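All of the numbers you see were taken from the coordinates with simple rules; none came from a lab. Note that the structure is predicted; figures quoted are calculated from it, not measured. Using ideal geometry, Cβ is built from the backbone for each residue, glycine included, and neighbour counts are taken over all protein chains shown.
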Amino acid sequence: MSVLRSGLVGVCCLVVSLFAGSAKANCQAFLAPYFQHAQGSWTSVGFSYVSMQGSGAVGYATSAQIGPGAGMLEVNAQGNLDSRVTSWSYRTRQLFSDRFNGTQPFSVNSADSMDLVVSPSGTVWLISNTWGVTATISNTVCANNVLYGWGPSIANYAYDALYIFRFFDSGYIG
């Protein structure tokens with residue numbers, strides 16, 4: 001039984017290692033058109049995201065679809081998509097399901113402020129300006145037109161959060 005268990009553990013480790021490598025390559029291929037679009041004149045990349053926080057709360061944010069607007073991503077000096085790069089963009093409002101307006105969750109009157117940075121390989125930094133913390137989401141997977149991965153909760157919870165991002169081409173109106 002011990003030999004069988006050791007063999008299974010070894011196979012599982014190999015599969016996880018192979019999957020991790022292919023996930024990074026998959027995210028690079030998935031993100032490449034967005035990085036290319038963000039290099040154009042008067043263009044940017046928008047995003048929508050949801051999270052399932054360690055507390056059980058659900059987080060949500062979306063950038064503007066056409067600008068100037070909140071959360072528009074452009075390429076920064078380090079080669080990452082970054083919502084903090086341009087003066088045309090302003091911080092995105094992040095809503096959480098544990099904040100209510102009467103009985104209605106996701107109160108717009110209790111929104112947080114956030115920024116987003118995405119590397120070409122798929123690492124994501126979700127910056128909570130309200131809480132002064134950054135959730136780093138690495139070992140991401142890109143499939144079915146979304147990028148997802150696990151990372152620390154925005155608040156101080158024992159369990160990680162699941163983050164799911166969708167990107168779209170955007171631009172500025174002038």
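Summary table
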{"read-out": "Exposure proxy ranking, count of Cβ atoms within 10 Å, fewest first, for Trp42, Trp150", "value": "Trp42, Trp150"}
{"read-out": "Residues whose placed amide H lies under 5 Å from that of Met72, excluding near-sequence neighbours", "value": "Ala64, Tyr90"}
{"read-out": "Fewest-first ranking of Met114, Met52, Met72, using other Cβ atoms within 10 Å as the exposure measure", "value": "Met52, Met114, Met72"}
{"read-out": "Residues whose placed amide H lies under 5 Å from that of Ser113, excluding near-sequence neighbours", "value": "Gln94, Asn129, Thr130"}
{"read-out": "Under the Karplus curve 6.51 cos²θ - 1.76 cosθ + 1.60, θ = phi - 60°, whole-Hz ³J(HN,Hα) for the stretch 48-59, x wherever Gly or Pro sits", "value": "10, 8, 10, 9, 10, 6, x, 7, x, 6, 10, x"}
{"read-out": "Whether the stretch 40-161 is rounded, prolate or oblate, judged on the alpha carbon gyration tensor where a/c under 1.5 counts as rounded", "value": "oblate"}
{"read-out": "Proxy reagent accessibility, fewest Cβ within 10 Å first, across Cys142, Cys27", "value": "Cys142, Cys27"}
